[in-house]
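Each reported figure results from applying straightforward, stated rules to the coordinates on display, with no laboratory input. None of the values given here were measured: they were computed from a predicted structure. Glycine gets a Cβ as well: all are built from the backbone with ideal geometry, and neighbour counts include every protein chain shown.
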Amino acid sequence: MSLKIINKSDLMPFVANMMGEYEVIGPVANDIGFKFATLTDASQVRLNYNTTVIPPRKTLLPTQETLFSFQKDMLAPTFDMKWRVLLGVHTCDLHAMCMLDEAFARGQPDTHYMKRRATTTIVSMECLDTCDENSFCKSMNTLTATSGFDLHLIQLGDFYAVDVGTTAGEALLANHAKSHEATRAEIALLDKTMSQKWSKFPVRLHLDGKDLPALMGVSYKSPLWEEVGKRCFGCGSCNIVCPTCYCFDVRDEVSMDGKSGERYRIWDSCQLDEFARIGSGENFRKTHAHRLRHRFMRKGKYIAEAFPGHQGCVGCGRCARACLVDITPVGVWNSLRQDHA
Amino acid sequence: MSIPAIESIYLPTLAWISKVETMTATEKFYTVELPRGQSLGHKPGQFVQISLNGIGEAPISISSSPSRSNGKFEMCVRKVGDVTTALHNLGEGAQIGVRGPYGRGFPVEQFEGRDILVAAGGLSLAPVRSVINQIFDHRKKYDRFIILYGAKNPGELLFKEEREEWKKRSDVEFLETVDKGTPEWTGNVGVITTLFPKITVNPRNTVAITEGPPIMYRFVLMELLGKGIPEDQIWVSLERRMKCGVGKCGHCQLDHFYCCQHGPSFNYAEIKGVMEAL
Amino acid sequence: MKPKVAFFDFTSCEGCQLTVVDSLQTHLDLLDVVEIVQFREAMSERGEDYAIAFVEGSITREADEARLKQIREQAALVVALGACAHLGGVNAIKNLAPLDDVRQYVYGDKHKWYETYAARPISAVVKVDAFIPGCPIDREEFIRVVKAVLLGKKPPIPDYPVCVECKLKENNCMFHKGGFCLGPVTRAGCGAICPTYSDGCEGCRGAIPNPNQDAMKDVLKEHGLTVDEVMARMTMFNAFDASQLGK
């Protein structure tokens with residue numbers, strides 16, 4: 001829409017002002033890294049964070065979420081009633097959330113997700129440097145974003161350039177921040193910074209992300225799956241930390257007398273032994289190798305096919321960081337690419 | 001700022017069990033009544049999520065045909081997990097939750113004018129019965145009607161009375177078999193594929209519908225294709241783990257399809273390239 | 001009528017029973033749905049008409065077997081309570097050395113006075129219907145299992161590893177913090193309580209059904225443990241091996 005400027009010294013007041021009206025969730029420091037958490041003080045926010053263990057999708061699809069409660073025969077749906085600002089989302093995660101929007105809106109819309117989405121304002125952040133050796137956003141074309149956000153911040157020395165994406169973002173800025181229209185000099189600095197950033201991000205994947213569906217299409221029978229399957233713990237960490245995973249299990253919790261309780265959903269993982277087992281006992285993905293293949297197929301092919309214009313992997317590198325046995329998307333895809341060179 | 005009122009798609013509708021019949025040692029047959037005489041409005045081959053508060057939900061195929069619904073539907077439940085075990089302990093008048101119907105059923109209206117060949121294995125006669133009775137109730141719209149049915153042993157054959165009726169009817173060719181007989185069993189012994197040499201079909205005009213345990217598909221499909229029935233005239237129904245029923249939770253995924261949404265009924269031409277399907 | 005419940009112990013520290021007592025502080029309504037007829041650690045009455053038996057402790061003497069079998073005969077449902085009953089637990093560490101050496105080490109020249117044999121989980125002696133893992137058990141999990149049993153549900157003991165719960169809590173990985181952890185091969189259900197407090201998982205809940213033990217050893221070694229240290233960690237709670245009993 002338009003480009004605004006917030007001076008660096010006006011950022012904390014902006015955050016504090018938003019906190020007066022919204023639950024503001026942003027990156028904060030923890031023992032050795034960062035996580036997205038509800039701010040209790042504006043000074044907690046760490047916009048210079050590199051990455052988090054769990055992606056910010058937890059704001060839209062909480063790790064555990066009550067769907068309804070029951071008391072004898074009475075059922076009452078449970079909806080989250082908060083208005084939120086999700087602050088400091090990196091563009092890789094933003095791309096992932098746009099995919100989730102599509103997945104949850106498609107067919108019968110998931111009213112719980114849609115409700116959270118409708119009451120969440122997203123303020124994303126441009127990455128000007130690579131987060132660590134595991135990310136490969138450049139290959140996945142998620143290094144920047146031109147839509148999907150309400151506001152988008154780009155840090156330029158003493159000020160932030162603010163890209164306004166929606167009317168909700170415009171209102172948030174107008175009501176809570178001190179900002180001004182970008183001057184010609186500020187726009188020039190933005191352009192320079194943006195064009196200089198690309199060379200700082202290495203290309204790690206030996207193919208373009210958009211060619212992944214084709215590569216995966218010819219890789220179903222690759223011996224690589226058995227090979228990596230031998231190392232895999234099947235621990236599900238890769239799924240839990242993935243911004244584009246959204247599988248969940250549904251469970252019931254009851255009171256001691258069994259008469260009241262709730263049904264909730266909780267994040268699940270296709271890498272766990274029981275994920276695809278049906279009641280009669282048949283397990284449709286029996287081994288670590290089968291389950292790993294499914295995951296990589298989903299990331300590289302199935303999601304792109306099911307939701308055209310979206311990707312199943314955004315190159316954030318979280319699964320590579322989480323994996324103790326070095327099963328990484330870059331490693332797997334480069335290896336498959338080499339097999340088909 | 002106001003938040004629009006919305007419904008949860010995961011909230012079940014309360015319904016009642018109006019009739020329970022014991023079918024085999026592990027299977028019971030339920031008639032379920034919906035509130036205010038409302039109809040489920042399903043298509044043959046669809047399923048519902050049956051919910052018991054505090055226990056959970058399980059996907060169950062609808063066994064009755066839309067043509068015989070009348071504010072009720074029927075389902076056959078095998079006791080295999082928490083929900084189905086708890087269901088087996090419920091009697092007439094008990095309240096249960098229902099969500100659905102879900103999934104894509106068999107497009108029976110597209111089959112009009114065709115010969116219909118149904119091949120069902122084991123418990124799968126229950127869901128396939130929704131198609132069979134729909135066809136019987138509109139029998140004139142279809143040409144020949146063949147039903148092949150196989151079970152492990154005579155004790156596992158379902159719907160005795162209906163099968164007896166099919167045997168007597170002149171407008172259906174009904175053949176049944178058991179993998180392993182008993183001294184009293186006088187019928188065919190052998191897996192379901194042993195019934196195929198006993199029938200001849202006009203492949204170009206035949207629509208085949210097959211459903212059974214996972215192991216059965218490959219062999220039955222070979223028979224059907226071997227008889228020259230075109231791939232897009234063969235329909236299968238696939239069983240996968242389902243939690244949500246609405247294409248979100250990911251458990252039933254088959255390549256880029258969700259079994260609960262794009263299926264459980266699939267056309268063979270659609271899924272023969274889907275690596276994990278068959 | 002409320003189902004009658006009894007608690008028993010064999011070789012153990014009784015910490016799991018203490019956790020049960022502790023759970024009653026936050027879940028007093030448990031007593032509205034079950035009747036406790038025997039619980040040596042918490043009450044003096046002794047009823048013998050129980051339907052559900054919770055058994056803590058491993059079996060370490062031949063003489064224990066008869067008592068356990070009697071419990072099995074009476075109870076419709078036998079539940080192993082905690083790591084010792086479920087896995088053999090720390091008691092089974094002694095199985096790794098010759099039995100006589102162990103007895104002499106502990107009891108010196110009086111060792112002949114003390115009967116003992118290889119420590120084993122109660123499932124090595126009687127059929128067990130359910131187990132609640134952990135050293136000690138997790139009190140919330142204990143309550144979940146009781147509720148499930150009363151509803152006729154399968155006890156909700158996870159068959160996936162601790163990593164799932166640890167990641168859901170958004171903990172930084174113990175290995176990334178310079179520590180060691182058996183989370184990738186250990187059964188969840190504890191809410192990853194140890195790694196949440198920056199203490200690596202020691203495997204007290206036993207292995208998941210399909211653990212990748214080779215990869216676990218490799219990872220521990222890569223992060224600096226010697227082979228002996230790896231084995232010591234992996235056998236702290238999981239030293240029992242049915243093969244040791246010649247079965």
As an exercise: evaluate A:E253 against (1) more than 10 Å from chain B (Cβ to nearest Cβ); (2) assigned to a strand (DSSP E or B) and give the number of the one condition it does not meet.
(1)
Residues that are more than 15 Å from the chain's Cα centre (by Cα) and on the phi < 0 side of the Ramachandran plot, drawn from segment B:110-139
B:Q110, B:F111, B:E112, B:R114, B:D115, B:I116, B:F136, B:D137, B:H138, B:R139
Residue within segment A:305-312 that is more than 14 Å from chain B (Cβ to nearest Cβ) and surrounded by 23 or more Cβ atoms within 10 Å (Cβ to Cβ) present:
no
Of those in segment C:94-124 that are closer than 28 Å to C:F39 by Cβ and hydrophobic (A, V, I, L, M, F, W, C), the residue surrounded by the fewest Cβ atoms within 10 Å (Cβ to Cβ) is C:A124
Please go through segment C:138-173 and give me each residue that is assigned to a helix (DSSP H, G or I), among the hydrophobic types (A, V, I, L, M, F, W, C) and within 10 Å of chain A (Cβ to nearest Cβ), ordered by number.
C:I143, C:V146, C:A148, C:L150, C:L151, C:V162, C:C163, C:V164, C:C166, C:L168
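One line per residue, one yes/no per condition, for (1) of a type in the set (D, E, K, R); (2) assigned to a strand (DSSP E or B):
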{"site": "B:E7", "(1), (2)": "yes, no"}
{"site": "B:Y10", "(1), (2)": "no, no"}
{"site": "B:L14", "(1), (2)": "no, yes"}
{"site": "B:S18", "(1), (2)": "no, yes"}
{"site": "B:F29", "(1), (2)": "no, yes"}
{"site": "B:P44", "(1), (2)": "no, no"}
{"site": "B:V48", "(1), (2)": "no, yes"}
{"site": "B:G54", "(1), (2)": "no, no"}
{"site": "B:A58", "(1), (2)": "no, yes"}
Residues in segment C:96-105: is at least one under 15 Å from the mean Cα position of the chain (by Cα), assigned to a helix (DSSP H, G or I) and hydrophobic (A, V, I, L, M, F, W, C)?
no
For segment C:188-202, enumerate the residues that are free of Cβ contacts under 8 Å to residues at least 40 places away in the same chain and under 19 Å from C:P156 (Cα atoms).
C:A188, C:A192
Only one of these conditions is not met by B:P183: (1) more than 18 Å from A:F284 (Cα to Cα); (2) within 12 Å of chain A (Cβ to nearest Cβ); (3) without any contact (Cβ under 8 Å) to a residue 12 or more places away in the chain. Which number is it?
(2)
Restricting attention to segment C:45-82, the residues that are within 21 Å of C:C13 (Cβ to Cβ) and small (G, A, S) number exactly 6
Odd one out for B:I60, checked against (1) closer than 21 Å to B:L125 by Cβ; (2) within 12 Å of chain A (Cβ to nearest Cβ); (3) surrounded by fewer than 22 Cβ atoms within 10 Å (Cβ to Cβ)
(3)
For segment A:105-137, give me each residue that is among the charged types (D, E, K, R), buried (at least 19 other Cβ atoms within 10 Å of the Cβ) and not in a helix (DSSP H, G or I).
A:D110, A:E126
In segment B:186-222, what count of residues is obtained for those that are within 14 Å of chain A (Cβ to nearest Cβ) and assigned to a strand (DSSP E or B)?
1
Of the numbered conditions (1) under 25 Å from the mean Cα position of the chain (by Cα); (2) under 22 Å from A:G300 (Cα atoms); (3) assigned to a loop (DSSP other than H, G, I, E, B), A:S147 fails exactly one; give the number of that condition.
(2)
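Do any strands (runs of 3 or more DSSP E) lying entirely in segment A:1-41 carry at least 1 residues that are more than 22 Å from the chain's Cα centre (by Cα) and β-branched (V, I, T), and which ones are they? Reasoning before the result, please.
Values: elements: A:3-7, A:23-29, A:34-38.
By residue number, A:3-7.
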All positions within segment C:25-53 that are within 14 Å of another protein chain (Cβ to nearest Cβ) and in a loop (DSSP other than H, G, I, E, B)
C:H27, C:L28, C:D29, C:V34
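Assess whether A:Y246 counts as being in contact (Cβ under 8 Å) with a residue 40 or more places away in the chain, surrounded by fewer than 24 Cβ atoms within 10 Å (Cβ to Cβ), touching a Leu at 6+ places or on another chain (Cβ under 7 Å) and not in a strand (DSSP E or B).
yes
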Residue list for segment C:203-239, filter: in contact (Cβ under 8 Å) with a residue 12 or more places away in the chain, surrounded by fewer than 17 Cβ atoms within 10 Å (Cβ to Cβ) and part of a helix (DSSP H, G or I)
C:Q213
Within segment B:256-269, can one find any residue that is without any contact (Cβ under 8 Å) to a residue 40 or more places away in the chain, touching an Asp or Glu at 6+ places or on another chain (Cβ under 8 Å), closer than 30 Å to A:V250 by Cα and polar (S, T, N, Q)?
yes
If we scan segment A:90-104, do we find a residue that is of a type in the set (D, E, K, R) and buried (at least 24 other Cβ atoms within 10 Å of the Cβ)?
yes
